[in-house]
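K.L.:
Okay, here's the structure, questions in a sec.
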Amino acid sequence: MDIALFSSMVLFAFVMAGTPGPNNMLLTFSGANFGYKRSVPQMAGIPTGIATMILLMGLGLSWVFQQYPSVQWTLKILGSAYLLYLALRILQQSKLAKQQMAKPLSFFESLGFQYLNPKAWMMTSSAVASFALPGEAYWESIWALVLTFFLVNPVTGSIWVSFGKFIARWLSAPIARQRFNITMSFLTAGCVVLLWI
């Protein structure tokens, strides 16, 4: 594969995976409330989910979306509803005593969330549309995209979790942690608004 094309894939992945969105809001929340180590399964679920979505797009799911727009709308509605559920879960977290704290998202919850995350669908469909090569190089380029997101997502995810862990030092007071969790809850819910604008 051409090095310039692969470099473009890496840049695209960094921009898409590194900018604020549902995954990164949840990673920041997890880093602040549970620390880096307990957030690793959630971080690992993201690139695994994205990789499977790229493979599905490569197998022709984007054609299904084009032929049946209602499928994409249904996923967008389900994704928005799940984001609101997660925002409510974070909001409830702010009311829990420390010994009752909820668990971070598991590997499979994080992987499954990608299928309800409208940004993930937009990212994977754009990646395949932009970087899939025609002819015999098609599957080589699809696997290059999978590899790219497997390389980039852990880096960007680590940054967001570390950011959450970094600001946790100012959240030792219960009221400060409560305000942070409320803020993260509203930011997560705000992602739904941005998806529909």
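Bear in mind that the values in this text are calculations on the coordinates, not laboratory data. Bear in mind that the values here come from a model prediction, so they are computed numbers and not experimental data. With ideal geometry, Cβ positions are generated from the backbone for all residues, glycine too; neighbour counts draw on all protein chains shown.
K.L.:
Local charge sum around F131 (other residues, Cβ-Cβ under 14 Å, Lys/Arg +1, Asp/Glu -1)?
P.N.:
-2
K.L.:
If packing is taken as the average number of other Cβ atoms within 10 Å across a peptide's residues, how do 170-181, 148-159 rank, most packed first?
P.N.:
148-159, 170-181
K.L.:
Then there is this: Spelling out what I want: for every residue of segment 76-87, take phi, set θ = phi - 60°, compute 6.51 cos²θ - 1.76 cosθ + 1.60 (Karplus), and round to whole Hz; glycine and proline get x.
P.N.:
My calculation for segment 76-87 gives 5, 5, 4, x, 5, 5, 5, 4, 5, 4, 5, 4 Hz in order.
K.L.:
Between segment 20-50 and segment 51-82, what is the C-alpha centre distance in whole Å?
P.N.:
Going from one Cα centre to the other spans 23 Å.
K.L.:
Based on the inverse mean of 1/r over its pairs of different Cα atoms, what is the Kirkwood hydrodynamic radius of segment 140-197, in Å?
P.N.:
The Cα-based Kirkwood calculation yields 14.0 Å.
K.L.:
Around F34, under 10 Å between beta carbons, what's the net of Lys plus Arg minus Asp minus Glu among the other residues?
P.N.:
+4
K.L.:
How would the chain be classified by its alpha-carbon gyration tensor: rounded, prolate or oblate, with rounded meaning a/c under 1.5 and the a/b versus b/c comparison settling the rest?
P.N.:
prolate
K.L.:
So, counting K/R as plus one and D/E as minus one, what does the shell of residues with Cβ under 13 Å around F113 add up to?
P.N.:
+1
K.L.:
Moving to a separate point now. Between helix 118-131 and the chain, what is the angle of the helix's C-alpha long axis to the longest principal axis, kept within 0 to 90° and rounded to the nearest 10?
P.N.:
Its long axis makes an angle of about 30 degrees.
K.L.:
Per DSSP H run of at least 4 residues, take -39500 (n - 2.57); add these up for the chain, divide by its residues and hand me the 222 nm value, nearest 500 deg cm²/dmol.
P.N.:
-27500 deg cm²/dmol
K.L.:
Let me ask another. Express the relative contact order of the chain as a whole percentage, based on alpha carbon pairs under 8 Å and six or more residues apart in sequence.
P.N.:
So the answer I get is 45 percent.
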